[in-house]
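See structure below.
Throughout, read-outs are computed from the coordinates displayed, never taken from laboratory work. These numbers were taken from a predicted model, which means no experiment stands behind them. Methodologically, a virtual Cβ is constructed for each residue, glycine included, from the backbone with ideal geometry; neighbour enumeration extends over all protein chains shown.
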């Protein structure tokens with residue numbers, strides 16, 4: 001809340017209004033952004049107020065945010081509120097570099113027609129990451145995992161790319177290539193790989209399923225089947241504790257020499273469940289989700305918060321029972337991602353089941369957004385139309401959007 005001295009600089013537009021500056025501030029904070037933009041023409045003081053960074057920040061804090069949904073033929077992003085209404089659309093143009101290299105963000109990564117893009121929800125700008133030979137191979141013989149974060153000391157945004165390939169001809173080992181790209185540059189820079197095989201995604205569009213970035217450090221999970229890089233390593237792989245987290249410092253562009261312990265209660269030897277990372281309420285969280293084999297339409301999602309990551313202290317925050325839209329349960333892929341915890345404690349998440357394509361091909365993902373209420377243990381759907389992927393959640397002020 002802003003101090004009274006700050007608010008006293010915002011007089012009412014009409015002297016006949018009996019509201020004090022503090023009362024007027026509180027009232028205007030609760031007015032929707034679309035209406036406030038119309039109020040800009042009331043007087044200069046109001047126009048100045050609605051452009052004030054302090055007012056914009058506090059106005060945004062009172063609102064749940066917008067969902068960034070890749071829609072249509074991947075040529076636009078629908079920014080929708082939690083009722084499913086489209087507030088704004090971002091058109092994705094041809095390949096170009098349009099995101100400012102030092103924009104405070106947050107920025108979001110997504111996959112568009114096999115090209116990895118960065119979108120800035122504040123301005124609507126979208127950048128295409130360089131498509132070198134390795135990048136063009138991702139999605140065919142190679143799998144890629146990505147992490148996007150901001151280095152506080154320089155203000156730069158960097159992307160870490162870990163590309164993996166099954167190389168049966170080279171001693172039956174996985175090969176991994178790590179590169180860093182700084183927004184505003186024109187090429188990927190190679191960096192040393194880490195000592196464990198980094199997990200990678202296998203689902204379309206999921207470029208950040210196994211990573212999360214917090215305060216300039218990118219966190220990844222090790223591959224649970226062959227962490228030693230040996231595809232058929234057997235004992236070599238089973239001897240490695242995969243209930244851990246790998247860390248990459250985006251500032252120094254180096255992997256940290258030691259892993260960080262995961263939640264002790266998670267059994268990573270159970271390969272029937274899926275484990276992913278996410279950033280939630282500023283903290284690193286680990287999700288363990290598994291299908292109910294007595295009812296293929298249900299999944300269990302346990303959410304663990306890292307309260308002291310350096311010492312391996314995790315606290316279980318949520319346990320969510322989720323119904324999945326599964327036309328082909330034998331092709332289950334959980335793909336659950338958390339977006340945000342709202343001020344009232346509700347959790348916004350998205351996930352994919354699948355729906356039948358009418359032939360023997362792999363079923364297409366069916367993306368859904370739901371809001372879980374821990375008080376009632378129930379979920380409500382956020383309706384989407386023609387959505388192919390959820391890129392993230394916009395946490396800025398809709399005042400910025402409405403003024404463009």
Given points 7 Å out from each Cα along the Cα-Cβ axis, report the residue 76 to residue 238 separation in nanometres with one decimal.
5.5 nm
FRET efficiency for residue 308 and residue 189, using Cβ-Cβ distance with R0 set to 25 Å, rounded to 0.05:
0.15
Once residue 87 and residue 154 are pulled to full extension, the length gained, defined as 0.36 nm per residue separation minus their Cα-Cα distance, is 20.8 nm
